[in-house]
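Written below as structure tokens is the structure these notes are about.
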Amino acid sequence: MSTLLNLSEDGPRPEDTVLLRLPRRRTAPADGDGAGHRPDETVALRVLRPGEARPAPDETMALRVLRPGEAQPSPDETLALRVVDPQAAGPGAAQDGPPVPLPADPLDELAERLADVCARAVHPFEIAAVLESDGLTDEQAAVLYGRTDSFSIADELFARTERRHSAPPEPADPWQADPLRTLLRGLLFALPGLAYLPAAPFLRSGTAAGALALTALVGWALNQALAHRAYAWRALGARYAVGRSLLRGGLAATVLGAGAAALAGATWPVLLFATGQSLYLASATVLLVTRRAKRLMGALAPTAVAAAATLATDLPQQLALAGPALSLSLAAVFAGIEIGQRLRAGDPPPAAGVPVADSLPHGLFGLAVGALVLTASFGDPWRPAPAGGASAAVALTLSMGLAEWLLFRFRSRSVTALHTSTTAEQFRTRTDRTLLGLLAGYLVVLAALGGGAALLWTARLPGAGQLGALLLLGALLWTALLLQVFGAVWPPALICTAAAVAETTATAVHPAAAEAAGLAATGLAVAAMILITRARTGRVTAHR
């Protein structure tokens, strides 16, 4: 049994606490003040008599045991420890053996039990509230812990515990992307190009390249605008309007693409192929907008098989063309099914509608990007196609899956920076670093794809000018797509259009400087796009 006595004059302090210990029972207890005692005897402090000298600080102090029947001291008398002479106190006054160690402070166990509460507390009152809710009274605080009340205990626990506020929960990230899915989308964009392998014998006329390029430009422009309109109607929940816009827009893009090939003087085989190309672009737009990419991948399987067979063996031309024809038919049928399902919905379109002018920048962007890609890959009317130039189109097409995944990564890292940055300047610095890092990563992969495609196409690596043009064009496309993700549609459309017009004009005026003019025009466009992208993505409000 132990009893705690606090000697502090201005309030309880742990270092002022004195332990009163009942010694073990002696075998031969003696009479007198220094005699041993039984554990059931009362231990008290002796009251100094009036005029009695106070003990010296260096004298040994002991507790006197009240004899049976001896009067207890009155509560209002001053209490002190009685000092005795060690030689005269009797055999029981001195303690044999080593000193008895003090027991652990019971507040240590309480501090360990309430460690989390104390670490998160911003004021001692929070700890006191927890103690009182556990039923701790002032009497229990004095008896169990040697403190006056729960508030003194809370003050001490708060002072001895380091603040450890728990981290906020991780914010939900809506921009998670599946790398395998984006890789498959890159293949999905590249597979249609395999149709040119079995159809090559029918596309040898002098006007074939120009007619097919013009058809592609029309298709890219119209289907970009069509996709925007379909997505806008779908966001409004108007299924019938989605089906109607896809049907009308797809038919218009097919007819106008075939008409462009006819105006370019295409022969009947070329005109037929151009019509199929336009119909495929429209069907692919329908399936991608309606999230049926797997069906589109399945539709392209016959084309891939026909292209592989053409490279491996000498197939009859009619049999080789069966693969692309079957792929076109499957894509058109799948697109028709999706359109029909939405037309049967019968829901009335919203009163607000989707203005045609909203889709104009998307169509302009598709036209400008198509012109830049075709010029870099196949030349233009004023200069021949560069050796192995088609490899640039292959590399860009294959990289589109990676580009899409990196767009998701930018949005994901921006969300993280939004929740971890403490100032707007810190957030801007992090988004700038993310922008440049992801763009650099994309260009590294694009350079590898361009080099690999050129080796397969021409058995040699591309030249510095050709590789530089590919990388600048890739940087322009990726930053333009990033701006569109953040709702800025006119800046990329106007910048890409200006770059295409400047490159075409410079080539027409001075064909010998076509490569330098193209690099300069695209480089300036990339610089302008990066500046606008930094200004747009560096704003906190753009990410909410």
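The values are calculated or read from the model by the stated rules, or taken from the named source; none is laboratory data. Keep in mind it's a predicted model, so treat the numbers as computed, not measured. FYI the Cβ positions are ideal-geometry reconstructions off the backbone, even for glycines, and counts take in every protein chain you see.
Worth pointing out:
- Residue in the stretch 502-519 that is under 36 Å from the mean Cα position of the chain (by Cα) and in the same structural domain as VAL394 (by TED's automatic domain parsing) present: yes
- Checked against the criteria, THR458 counts as of a type in the set (Val, Ile, Thr), more than 23 Å from the chain's Cα centre (by Cα), under 22 Å from ALA395 (Cα atoms) and in the same structural domain as GLU515 (by TED's automatic domain parsing).
- Filter pass, PRO349 being at pLDDT below 80, more than 28 Å from the chain's Cα centre (by Cα) and within 17 Å of GLY518 (Cα to Cα): no
- Residue within the stretch 119-140 that is touching a residue at least 40 places away in the same chain (Cβ under 8 Å) and in a helix (DSSP H, G or I) present: yes
- Among the criteria (1) more than 22 Å from VAL444 (Cα to Cα); (2) part of a helix (DSSP H, G or I); (3) touching a residue at least 40 places away in the same chain (Cβ under 8 Å), the one ALA403 does not fulfil is (1).
- Residue in the stretch 260-271 that is surrounded by 16 or more Cβ atoms within 10 Å (Cβ to Cβ), assigned to a helix (DSSP H, G or I) and either within 33 Å of the chain's Cα centre (by Cα) or basic (Lys, Arg) (or both) present: no
Every residue, every condition in (1) surrounded by fewer than 21 Cβ atoms within 10 Å (Cβ to Cβ); (2) at pLDDT below 95; (3) under 30 Å from ARG234 (Cα atoms), yes or no:
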site	(1), (2), (3)
ALA253	no, no, yes
THR275	yes, no, yes
LEU279	no, no, yes
THR285	no, no, yes
ALA306	no, yes, no
GLN318	yes, yes, no
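- Boolean, ALA190 is more than 19 Å from GLU338 (Cβ to Cβ), touching a Ser or Thr at 6+ places or on another chain (Cβ under 7 Å), part of a helix (DSSP H, G or I) and free of Cβ contacts under 8 Å to residues at least 60 places away in the same chain: no
- Test result for SER152, more than 30 Å from LEU372 (Cβ to Cβ), buried (at least 20 other Cβ atoms within 10 Å of the Cβ) and hydroxyl-bearing (Ser, Thr, Tyr): yes
- Scope the stretch 155-187; condition modelled with pLDDT of 80 or more, in a helix (DSSP H, G or I) and surrounded by fewer than 11 Cβ atoms within 10 Å (Cβ to Cβ); matching residues: ALA159
- Evaluating GLY193 against the criteria (1) under 41 Å from the mean Cα position of the chain (by Cα); (2) more than 30 Å from THR275 (Cα to Cα); (3) modelled with pLDDT of 85 or more; (4) surrounded by fewer than 19 Cβ atoms within 10 Å (Cβ to Cβ) leaves one unmet condition, (2).
- The set of residues from the stretch 331-361 being under 18 Å from ALA221 (Cα atoms) and surrounded by 22 or more Cβ atoms within 10 Å (Cβ to Cβ) comprises just one member, SER359.
- Test: residue in the stretch 281-296 that is of a type outside the set (S, T, N, Q), outside any helix (DSSP H, G or I) and touching a helix residue (DSSP H, G or I) at 6+ places or on another chain (Cβ under 9 Å): yes
Table: residues versus (1) under 28 Å from PRO179 (Cα atoms); (2) touching a strand residue (DSSP E or B) at 6+ places or on another chain (Cβ under 7 Å); (3) assigned to a loop (DSSP other than H, G, I, E, B); (4) modelled with pLDDT under 90.
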residue: PHE365; (1), (2), (3), (4): yes, no, no, no
residue: ALA392; (1), (2), (3), (4): yes, no, no, yes
residue: LEU396; (1), (2), (3), (4): yes, no, no, no
residue: LEU418; (1), (2), (3), (4): yes, no, no, yes
residue: THR422; (1), (2), (3), (4): no, no, yes, yes
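- Summed over the stretch 314-333, residues that are within 18 Å of ALA304 (Cα to Cα) and free of Cβ contacts under 8 Å to residues at least 60 places away in the same chain total 12.
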